[in-house]
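The values are calculated or read from the model by the stated rules, or taken from the named source; none is laboratory data. Computed from a prediction, not measured in an experiment: that's the story for all the values here. Here the Cβ is made from the backbone with ideal geometry for all residues, glycine too, and neighbour counts use every protein chain on show.
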Amino acid sequence: MKNKLAVFVLIGSLSLPMLAQTGQVHANSADVKVTIPGYKVKLNGHLVDNAYREYPLLVYKDITYFPMTWYDSRLLGLEASWSNQEGLRIYQGQVASAYVSYKSEHRNAASYRAEVPVSAITVNGQTIDNAKEEYPLLSFRDVTYFPLTWRFAHDQFSWEYTWDTVDGLSIQSHNPQLQTVGLPVYARENDVAFFKGYYYFVETTGTTNHVYRAPVQAPSDKEEIYSYTINTSEGLQKNLSFQTRNNTLWFTYHLGGNIMGSDKFVKIGDDGKAVLMHSGYLDFQDTPYGTLIVLQGASAFEGGNLYLSPSGQEETNRKGVGDPGVKYGVHATYNGGGEGYSSDSSTAVIGDDVYVLASSGESDLNKIYKINLKTNKSAKIVETSVSWFRIINNKIYYVKDKDNALYSSTLDGTGEVKLSDHAVSWFDSIDGKVYYTTKKKANQFDLYLADPNAPDPLVWTTPVSEVQVLNNQLICRLGEKEDYGVVLLDGSGRLLLEVADPISRVLTSDKGILVATSGDSDIRTISLTDK
């Protein structure tokens, strides 16, 4: 977990705001007695252990005070900033955090002394004269403490605020929440997916991988849907990854070496049954006439590696598609007289037509071809060398090898338009708007909106590590050194949510957002349920 304390040493110490008159501020600060609550306190359903908490809630004048730590404040949807000109600003933001316990090894005493800061303070834009407040903000252990009065908790922040002698104090905010899924600890060691009301995860026992699914309402109620041996000549190969293809959940894994081994593709039905469908180095697409198979790896060197496997027949009954001498579904390179190929997953099927990256020779590399499955006639529709492409809303979007810029054209290759001002590492589209990233340095990318009529605007001010489009939103995973772990943007690039926790992976899901947090590697959901 990242250490966010430094931020709040500055904010929490606003009574000594790193100014020349620090000593004078100290002299003007009041010193008051505070106590540790003797009743239960819940924050968004999380029971707080104030007895052993580094930043416990406090009580002053019979009012409970809340610590504005990095995670506690964002748990309740609050942000804070401090400057010499404006002092401390506390405001509701589009933020969320998992609950952090701030566990301490030492039991807190029954009472302490806290300071009453005198610097300028605003709450949701309203100026607070802290010296005149009946329940002023406090500073304790270099962290600002906020009074949970009805005026602030209910009127300013619209929190649900309840109290009784049995259950104590309960505060419920309305910002999006991170919830721990409750899967077994071993599920964190491999990939996890959420699809159509079930979690899918893996347990490795000895030399076997067991694939389970469990209903979201009861994650402990697992059922095994598939298992396989992971002991190979290359050692134990336990890695597995989930993905969705045409609204169906699949998982893939690899067994064996790079040359003699193979990838396995397993399809999961709605009934939970998992069936091994394909084995080898390949890509595949559904068509009206069966499954289109693109053989990759060593098969690409021979060419004629595009096949159609009719529905209901053995894969060995496949028939060739396209021209025998053309190499399909790979990105080709020639260097010093040698040739090399890397797998390409751009292949798309639109009606009776297949769109595929293809090379017919050293002088004709990486062009986009269209092949009609009825007639087997093929046509080269993009004459320039392409790194990869996608078909979105009946247009072809492609990145050219020569400049790594993004272009678009109609489905017949005409009407080409250059879309990006920068080299492109990733791109996708939401509601007709095209977004792309350009590499800044290792594992850092700038996110842009493609604007063919003006300079491309930077969508997010700090570099991102990964971007994907999920449920019509941009999910931006940030680097470990950034303040936030994930940023969610809507289709227009506007901020929906910043998640305080560092995020190691954004996982496969068909609803909501499923993530693995760094450090503890917990699996959590991010709910965007509104107020």
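Data table
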quantity: Residue in the range 178-189 that is among the charged types (D, E, K, R), touching a residue at least 12 places away in the same chain (Cβ under 8 Å), assigned to a helix (DSSP H, G or I) and crowded, with 16+ Cβ neighbours inside 10 Å present; calculated: yes
quantity: Evaluation of THR207 against (1) loosely packed, with under 15 Cβ neighbours inside 10 Å; (2) modelled with pLDDT of 95 or more; (3) out of contact with any Ser or Thr (no Cβ under 9 Å at 6 or more places or on another chain); (4) under 24 Å from TYR281 (Cα atoms) (one fails), failing number; calculated: (3)
quantity: Looking only at the range 470-484, and only at residues there that are among the aliphatic types (A, V, I, L, M) and touching a Phe, Trp or Tyr at 6+ places or on another chain (Cβ under 7 Å), the one that is surrounded by the fewest Cβ atoms within 10 Å (Cβ to Cβ); calculated: LEU478
quantity: Strands (runs of 3 or more DSSP E) contained entirely in the range 335-382, each with at least 1 residues that are over 33 Å from the mean Cα position of the chain (by Cα); calculated: 338-343, 353-359, 367-372, 378-382
quantity: Subset of the range 157-177 (residues that are hydroxyl-bearing (Ser, Thr, Tyr) and surrounded by 14 or more Cβ atoms within 10 Å (Cβ to Cβ)); calculated: TYR161, SER170, SER173
quantity: ASN317 vs. criteria modelled with pLDDT under 90 and among the polar types (S, T, N, Q); calculated: yes
quantity: Residue check, ASN394 surrounded by fewer than 17 Cβ atoms within 10 Å (Cβ to Cβ), modelled with pLDDT under 95 and closer than 23 Å to TYR328 by Cα; calculated: yes
quantity: Any hit, the range 289-306, residues being of a type in the set (Phe, Trp, Tyr) and part of a strand (DSSP E or B); calculated: no
quantity: VAL123 of a type in the set (Val, Ile, Thr) and farther than 30 Å from LEU496 by Cβ; calculated: no
quantity: Tally of residues being surrounded by fewer than 17 Cβ atoms within 10 Å (Cβ to Cβ), out of contact with any Lys or Arg (no Cβ under 8 Å at 6 or more places or on another chain) and not aliphatic (A, V, I, L, M) across the range 427-469; calculated: 15
quantity: Yes/no for ALA298 being at pLDDT below 95 and over 28 Å from the mean Cα position of the chain (by Cα); calculated: yes
quantity: The range 223-236, residues that are outside any strand (DSSP E or B) and among the charged types (D, E, K, R); calculated: GLU234
quantity: Strands (runs of 3 or more DSSP E) contained in the range 416-531 and holding at least 3 residues hydroxyl-bearing (Ser, Thr, Tyr); calculated: 433-441, 503-509
quantity: Verdict on SER220 being assigned to a strand (DSSP E or B), farther than 30 Å from ASN376 by Cβ and either over 29 Å from the mean Cα position of the chain (by Cα) or not aromatic (Phe, Trp, Tyr) (or both); calculated: no
quantity: Residue ranges of strands (runs of 3 or more DSSP E) in the range 55-135 with at least 3 members at pLDDT 95 or above, surrounded by fewer than 17 Cβ atoms within 10 Å (Cβ to Cβ) and in contact with a strand residue (DSSP E or B) (Cβ under 9 Å, 6 or more places away or on another chain); calculated: 111-116
quantity: Wholly within the range 237-288, strands (runs of 3 or more DSSP E) carrying at least 2 residues that are of a type in the set (Phe, Trp, Tyr) and in contact with an Asp or Glu (Cβ under 9 Å, 6 or more places away or on another chain); calculated: 248-255
quantity: Whichever residue in the range 307-322 is in a helix (DSSP H, G or I) and not hydroxyl-bearing (Ser, Thr, Tyr) and, among such residues, is surrounded by the most Cβ atoms within 10 Å (Cβ to Cβ); calculated: GLU315
